[in-house]
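The values are calculated or read from the model by the stated rules, or taken from the named source; none is laboratory data. What you see is a predicted model; the values in this text were computed from it and never measured. Neighbour counts are summed over all protein chains in view; Cβ atoms, including those assigned to glycine, are modelled from backbone coordinates with ideal geometry. Please note that ligands, DNA and RNA were not included when accessible areas were found on the heavy atoms of the full protein model with its side chains. Shrake-Rupley method; radii C 1.70, N 1.55, O 1.52, S 1.80 Å.
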Amino acid sequence: MSQDAWLQNYDATCRLAQDIAENIHERSRLQRTGGNPAKINMTLRASLQKLKQNISQLKESLLRASSSRRIMQSEADRRQNLVDDLVTREKHLNATFRGEVKEEPSRTTLMSGAGGAGGGGGGGGGAVNPWLVNESEETRGLSFGEIKQQQHSIMEAQDAGLDALAAVISRQKMMGREIGNELEEQNEIIDDLSHLVDKTDDRIRNETRRVKLVETKSASCGMLVVIVLLLIAIVVVGVWPV
């Protein structure tokens, strides 16, 4: 088992212990309200057995890692303390399950150290459940089932918000596509206008050249007429009798 695998198994074992504490609390609530705790008792027995097995596996893998010096001694000592805490918590949970701890677990602290629990499973007067965290005003006084329902409602509201956001994004995406299509059409129109303007410019230049040519020809013809008229006038004056 690698070092990371050991820590992952330790975290999983802690979560299992937390689930057991929550189920014990739920069983107590069922007993107070006249419910049938038979099903949850079966679940608790299986979970407590699994917790014991997990702790044994953590002990064995830690012993092998320490003996083969795959981890430093300081780290081995730290992990041994973690395992010892789990052992204490497992004893406390078993004692609570068997009814040896008379006080109903309070929902004030979660996953606190075993030292805060007073060690062992006897549990003195006024002891609190070391598995449950400081809770907010919104959840104070609620059972675990009610808290789960509240969280479910919050998640549903968040899902609805995400769905609404997804719908808005989808509409914006469609608008973006429509704007893109419109821009493409406008660009095509602009290209056609540019082509038409180019053709018109070519025609205007051609017509301008033609007008200039006509003007040049007209001026030449005028000069020829004037010259011819002058020649006729000279001839007439020359032959006209005085």
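Summary table
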{"item": "Sole exception among (1) open to solvent by 80 Å² or more (accessible area, probe 1.4 Å); (2) more than 17 Å from A95 (Cα to Cα); (3) in contact with a Leu (Cβ under 7 Å, 6 or more places away or on another chain) for D4, by number", "result": "(3)"}
{"item": "Hey, L58 in contact with a helix residue (DSSP H, G or I) (Cβ under 6 Å, 6 or more places away or on another chain) and either farther than 16 Å from T88 by Cα or surrounded by 15 or more Cβ atoms within 10 Å (Cβ to Cβ) (or both) or not", "result": "yes"}
{"item": "Tally of residues being under 29 Å from the mean Cα position of the chain (by Cα) and buried (at least 20 other Cβ atoms within 10 Å of the Cβ) across the range 12-28", "result": "1"}
{"item": "Restricting the range 81-94 to residues that are more than 38 Å from the chain's Cα centre (by Cα) and not acidic (D, E), the residue that is surrounded by the most Cβ atoms within 10 Å (Cβ to Cβ)", "result": "H92"}
{"item": "Filter result for R69 (surrounded by 11 or more Cβ atoms within 10 Å (Cβ to Cβ) and either at pLDDT below 90 or in a helix (DSSP H, G or I) (or both))", "result": "no"}
{"item": "Any hit, the range 106-129, residues being assigned to a helix (DSSP H, G or I), surrounded by 10 or more Cβ atoms within 10 Å (Cβ to Cβ) and at pLDDT 55 or above", "result": "no"}
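For every residue, the table says whether it meets (1) over 23 Å from D77 (Cα atoms); (2) touching a residue at least 60 places away in the same chain (Cβ under 8 Å).
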{"residue": "D4", "(1), (2)": "no, no"}
{"residue": "E22", "(1), (2)": "yes, yes"}
{"residue": "Q31", "(1), (2)": "yes, no"}
{"residue": "R45", "(1), (2)": "yes, no"}
